[in-house]
Amino acid sequence: MKRARNARVELLQGTLDLLILRTLLFGPSHGYAIAKHIRRTSEDLLQVETGSLYPALHRLEAQGWIAASWATSEKGKRAKYYRLTAEGRRQLDAARAKWEAFSNAVGLVLKPAEGERS
């Protein structure tokens with residue numbers, strides 16, 4: 001049972017990582033703006049909570065896929081801005097290809113075969 005739970009967490013982390021890397025493709029952003037972008041572009045279906053977002057950002061930074069620096073936000077407050085690194089761009093391309101293959105495979109399984117009832 002624990003093994004299945006770990007697999008689920010890895011999938012969620014990998015998915016969140018992909019969403020963060022994709023968001024940072026547009027340029028540097030602070031954590032709140034990253035979460036807001038994911039929520040907005042997913043039409044409010046995906047809401048990334050602080051407790052998930054910041055550990056993911058720290059993990060991505062430790063892996064060298066993003067880099068962080070402090071700057072002043074548009075509201076005049078000090079904020080940590082994250083940007084995609086060259087290694088992060090390569091990871092984004094690889095993760096996107098894996099995600100597309102995975103979602104295609106799931107789509108094939110969910111699509112009823114000819115003559116099969118759904």
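Report whether or not LYS77 is exposed (fewer than 10 other Cβ atoms within 10 Å of the Cβ) and within 22 Å of LEU24 (Cα to Cα).
yes
Please name all residue pairs, on different chains or six or more residues apart, with Cβ atoms under 6 Å, provided the first residue is in the stretch 16-41 and is surrounded by fewer than 19 Cβ atoms within 10 Å (Cβ to Cβ) and the second residue is charged (D, E, K, R).
PRO28/ARG83
Considering only residues that are of a type in the set (Lys, Arg) and more than 20 Å from ALA35 (Cα to Cα), look in the stretch 80-118 and name the one that is surrounded by the fewest Cβ atoms within 10 Å (Cβ to Cβ).
The qualifying residue surrounded by the fewest Cβ atoms within 10 Å (Cβ to Cβ) is ARG117.
Of the residues GLU87, GLU61, which single one is more than 14 Å from the chain's Cα centre (by Cα) and under 18 Å from ILE20 (Cβ atoms)?
GLU87
Please give the helices (runs of 4 or more DSSP H) falling wholly within the stretch 1-82 in which 3 or more residues are over 21 Å from TRP99 (Cβ atoms) and modelled with pLDDT of 95 or more.
Counting at least 3 such residues, we get 31-41, 50-62.
The values are calculated or read from the model by the stated rules, or taken from the named source; none is laboratory data. Because the structure is predicted, anything quoted here is derived from the model rather than measured. Heads up, the Cβs are rebuilt from the backbone with ideal geometry, glycines too, and the neighbour counts pull from every protein chain shown.
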